[in-house]
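Engineer: Structure incoming, see below.
The values are calculated or read from the model by the stated rules, or taken from the named source; none is laboratory data. Just so we're clear, the structure is a prediction, and the values are computed from it rather than from any experiment. FYI the Cβ positions are ideal-geometry reconstructions off the backbone, even for glycines, and counts take in every protein chain you see. The accessibility values were calculated without ligands, DNA or RNA, using every heavy atom of the protein model including side chains. Shrake-Rupley method; radii C 1.70, N 1.55, O 1.52, S 1.80 Å.
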Amino acid sequence: MPYIEADRALPRYDQVINGIRVGPTAYPDLGEWCAHGQAQWVDPGEAAGTPLALPERYPVKGVPAHARAVRCGGTIVSSEVTIEILPAPNARAEMAAGKSWFEVEHGGQVVILKQLVAAPGFASQVAAERWEPATVNGLPAALGRAILRDEFGESAVVVWDERRSLQVAVRGTDIHVDDLLAVAREALR
């Protein structure tokens, strides 16, 4: 709890990291991909063969729990999947026996969001000081690190592929930053 409370006290504001706006109100510019009233929820399989296709495999031990896509006219403009990472069946017993939360398979969650955008932006409550520039598959990225030890709490990586007008955002909860980056690399294939 002291780490969570200390993090809550840190400033949060919109900023630009590696050409990508991040912060509490840093939404992407969706451009003119979708006219008002045109968006429809569709099966994420409709994104197959497009830059918005969701990965077929994930570099984390997780189960896809929820997936969806949005189509405007004949174009898929957004796709999303939530991956639940289950804790080891004996995680509680291991912690009760004295192992640290960081030493056991404690579970977590990853959300992958792929969007066609005119300009990148990602609304997040990650503290401003935890954001830094990064590169994923040779593309500019903004990396928001977790509260503690690159693993505890919310983290995110947002990648901007200007050539394809594609933003890929991967939000993690209680997953290691290395796993977060591996998921982002796979999502960009």
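Engineer: To the nearest 0.05, what FRET efficiency results for R164 and R68 with a Förster distance of 22 Å applied to their C-beta separation?
Structural biologist: Values: r = 21 Å, r/R0 = 0.94.
Efficiency at R0 = 22 Å is approximately 0.60.
Engineer: Turning to a different aspect of this structure: Helix-derived [θ] at 222 nm for the chain: sum -39500 (n - 2.57) over DSSP H runs of at least 4, divide by residue count, nearest 500? Let's see the in-between values first.
Structural biologist: Details: 3 runs with 24 residues, N = 189.
The helix-only estimate for the chain comes to -3500 deg cm²/dmol at 222 nm.
Engineer: May I ask what percent, to the nearest 5, of DSSP beta bridges between residues of the chain are antiparallel?
Structural biologist: 95 percent
Engineer: If I stretch the segment between D14 and Y27 completely, what's the gain in nm (0.36 nm per residue apart, minus their alpha carbon distance), one decimal? Working shown, then result.
Structural biologist: Values: separation 13, 0.36 × 13 = 4.68 nm, distance 0.97 nm.
Contour length minus Cα-Cα distance gives 3.7 nm.
Engineer: Would you work out the Kirkwood radius for the chain? I mean one over the mean of 1/r across all pairs of different Cα atoms, in Å.
Structural biologist: Taking every pair of different Cα atoms in the chain, averaging 1/r and inverting gives 17.3 Å.
Engineer: Here's something else I'd like to know. Tell me, what is the 1.4 Å probe accessible area of E129, in Å² to the nearest 10?
Structural biologist: Near enough 130 Å² of accessible area.
Engineer: Ok, one more. If each residue of separation counts as 0.36 nm, what is the full-extension length gain between K61 and D178 once their alpha-carbon separation is subtracted? Write down the numbers at each step before the final one.
Structural biologist: On the way: separation 117, 0.36 × 117 = 42.12 nm, distance 1.35 nm.
Extra length available between K61 and D178 comes to 40.8 nm.
Engineer: Let me ask you something else. To the nearest 10 degrees, how steeply does helix 177-187 sit against the main Cα axis of the chain, on a 0 to 90 scale?
Structural biologist: Long axis of 177-187 versus the principal axis of the chain: about 30 degrees.
Engineer: Next question. Using only Cα positions of the stretch 7-61, each an equal point scatterer, no hydration layer, compute I(q)/I(0) via Debye at q = 0.27 Å⁻¹ and quote the log10 values to two decimals.
Structural biologist: Here the Debye-derived log intensity ratios amount to -1.05.
Engineer: For the chain, what is the accessible area per residue in Å² when the probe is 1.4 Å? Each step should come with its number before you reach the end.
Structural biologist: Values: 9850 Å² over 189 residues.
I get 52 Å² per residue for the chain.
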